[in-house]
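Q: Can you keep this structure in mind? I'll have questions shortly.
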Amino acid sequence: MTKYRTRLLFALVTLLISVLIGLGLFIGQLFKHYYIDSISDRLQKEARIVAAHIEEHGGIAALDRTAVSEFSELLDARIIIVDETGNVTYDTEGSPGKITVRHKEIMGKAVEGKLNKKSYPVLSMGKALKYYPVAIQHEGGKEGYLILESKVSELKEAYSQIWWILGISLGLAMVLIVFLVSKITKRYTKPIESATNVAIELAKGNYRARTFEDHSDETGMLGASINILARNLQELMKAQEMQQDRLSTLIESMGSGLILIDSRGYINLINRAYKDIFEVEPADYLYKLYYEVVEHKEIRMLIEDIFMTEQRTGRQVLLPLGIERRHFQVYGVPIIGMNNVWKGVLLVFHDITEMKKLEQMRKDFVANVSHELKTPVTSIKGFSETLLDGAMNDRGTLEAFLSIILKESDRLQTLIQDLLDLSKIEQNGFHLDLQRVNIVSEIEDVLAILEAKAAEKKITLDFPSPDEEVVIEGDANRLKQVMINLVNNALTYTPDGGTVFISIRDNRDAVVIKVKDTGIGIEKEEIPRIFERFYRIDRARSRNSGGTGLGLAIVKHIVEAHKGSIQVKSEVGKGTAFYIRLRKKIPD
């Protein structure tokens, strides 16, 4: 903008200086002509006076040279008298024979009438000379001419003074004009400069920029219009940013993965859920062709189908991700803009792995419950039918069959009770009877209950009881149920002559209970499933021991209801250790 102001100022100053120079030249020429006319008028009057004196005193024939010389000295001018033929009769500055060729030319012009007061001065010997001829009349006829020669050497000095005055005047006028033009251009270009700067800022995206509105003329209207435009753009940008933030928040907060592909097949957007699910980096996906970066063939085929058919599609796919396989419900829709312009494809990935697991667990639960109920019922029915067919008459057979029926009935009752307990614990309204519990005494009670089973298998129950009480907040009955299940499982899966070790570590705000055995151990890949319902490591041994497969599921739910955690460490052939962490004060 400074260049524009400079160009405008330069153009105006150049124009005004040109006008002033032209005016100065005109005035100089005017003064020059005026000065020359003044000298010519003076010479005309002086020449007529001298000519009148000569005519009064007898003409050229009776010329009084002394009087003419006096006139020459008085007028400070050279007087030359010539006859009608142009011959010099008298010259106040020398003899007639010393007249130069240049003077003879001038005399000839005078005689011919070509020399008058409008004639310009003549340069002779480096001097400016002005000539004026006057005819001398005598006895009614023209006797000759009187030529008055005057030096106009002051003409150069007058010219110098004129141009000096004009130069000073033009210089002062130029300074004043430059100052005024600078002020005027600044006044009128400043709003334009400000509006231009604001327009540049708006083009850069700075919609908070504003210009001045200090005039009521066109420049003021320009500033006001720029400000209105800036405010409108700012409001539009705020609305767009809010809309963009809402859309970005919605997309990034979605629990489902999302991928957007343009009409050329380039990936333009992936959300956070997609990045987390597939463990990809945006730099590896964005602005690249989908078939170059999407690894799974099923997804590529789904995208190709949408591109080909332009119809929305939904499929369930099973994709390998790392070491696991996950189920997804994938919805793909074509994006069609106004005037049926094809924009691209949008895919949404719903992770239904947990739903599939729950569905499979439900199926397994129904199958396992049916199987677990069917086994004792079949056994009871079979032995009952055998007794009714006549085996009851044999006392030994009767007692043996009745013992088996009683055992299977107890097993059936235990299964039903565990199912009821598990159902009650999993309900949202499950309530713990919280109280102060001495966990040491609870473990001692559990060991007393299971001591007979341990003695039967010659298993050592090792529990180094702490000297002080370890008191926590919890439900005593439920915690005892946890310990019974864990210790009973340890006894079940520990061979004869083994050891079951129970310990308590009292931390500042929590208690860690460890139940470790020297049993058969658990395979590493089976550890995540041991808390599932009806899952057994050794199904034959568990069923023969009267287990239902629900014990560890109940343990996990009770510990989590106490805001605690349970961990498992196991090594095949060496044993298994369960670590239960319970807080001393259950948080609200």
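The values are calculated or read from the model by the stated rules, or taken from the named source; none is laboratory data. Please read these numbers as outputs of a predicted model, since none were measured by experiment. Note that we place each Cβ from the backbone using ideal geometry, even for glycine, and neighbour counts take in every protein chain shown. Heads up: the accessible areas ignore ligands, DNA and RNA and are worked out on the full protein's heavy atoms, side chains in. Shrake-Rupley method; radii C 1.70, N 1.55, O 1.52, S 1.80 Å.
Q: Around Lys569, with a cut-off of 11 angstrom between Cβ atoms, what is the net charge of the other residues, counting Lys and Arg +1 and Asp and Glu -1?
A: +3
Q: Another question, if that's okay. Can you compute the modelled spin-label distance between Val377 and Val512, with each label point 7 Å from Cα toward Cβ, in nm?
A: Result: 4.6 nm between the two label points.
Q: Provide the per-residue ³J(HN,Hα) series for segment 87-92, in order, calculated from phi with Karplus coefficients 6.51, -1.76, 1.60 and θ = phi - 60°, each as a whole number of Hz, with x at glycine and proline positions.
A: 7, 6, 8, 8, 9, 5
Q: For Gln417 and Asp245 in the same chain, what is the full-extension length gain: residue separation times 0.36 nm, less their Cα-Cα distance, in nm?
A: 56.5 nm
Q: Sticking with this one: Express in Å², to the nearest 10, the accessible area of Met254 obtained by rolling a 1.4 Å probe over the protein heavy atoms while all chains stay in place.
A: Met254 exposes around 50 Å² with every protein chain in place.
Q: On to the next question. Evaluate E = 1/(1 + (r/R0)^6) for Asp467 and Gln567, where r is the Cβ-Cβ distance and R0 equals 30 Å; express this FRET efficiency to the nearest 0.05.
A: After rounding to 0.05, the efficiency reads 0.65.
Q: Continuing with the same structure: Can you list residues whose amide H is under 5 Å from His138's amide H, if they're 5+ apart or on another chain and H is modeled 1.01 Å from N?
A: Distant-sequence amide H within range of His138: Glu143.
Q: Give, in nm to one decimal, the length gained when the segment between Ala135 and Gln360 is fully stretched (0.36 nm per residue of separation minus the Cα-Cα distance).
A: 66.3 nm
Q: Under a Cβ-Cβ cut-off of 13 Å, what is the net charge of the residues other than Asp284 that fall near it, where Lys and Arg count +1 and Asp and Glu count -1?
A: -2
Q: Pull out the extension gain between Arg325 and Thr309, defined as 0.36 nm times the separation in residues minus the alpha carbon to alpha carbon distance; nm, one decimal.
A: So the chain would gain 2.8 nm between Arg325 and Thr309.
Q: Taking the Cα centre of each part, how many Å lie between segment 2-69 and segment 428-497?
A: Their Cα centres are 138 Å away from one another.
Q: Sort the following peptides by mean Cβ neighbour count (other Cβ atoms within 10 Å, averaged over residues), highest first: 11-17, 301-307.
A: Highest mean packing first, the order is 301-307, 11-17.
Q: Applying a 10 Å radius around every beta-carbon, put 554-560, 140-146 in order of their mean neighbour count, most first.
A: Top of the packing list down: 554-560, 140-146.
Q: In whole Å, what is the distance between the alpha-carbon centres of segment 387-401 and segment 169-216?
A: First find each Cα centre; the distance between them is then 120 Å.
Q: Set the Förster radius R0 to 25 Å, insert the Cβ-Cβ distance between Ala67 and Lys142 as r into 1/(1 + (r/R0)^6), and round the FRET efficiency to 0.05.
A: With a Förster radius of 25 Å, E is 0.75.
Q: Can you give the FRET efficiency for Trp342 and Lys204, using 1/(1 + (r/R0)^6), R0 = 45 Å, r = Cβ-Cβ distance, to the nearest 0.05?
A: 0.85
Q: Turning to a different aspect of this structure: How much accessible area per residue does segment 446-505 have, counting only protein heavy atoms and a probe of 1.4 Å, in square angstrom?
A: Value for segment 446-505: 48 Å² per residue.
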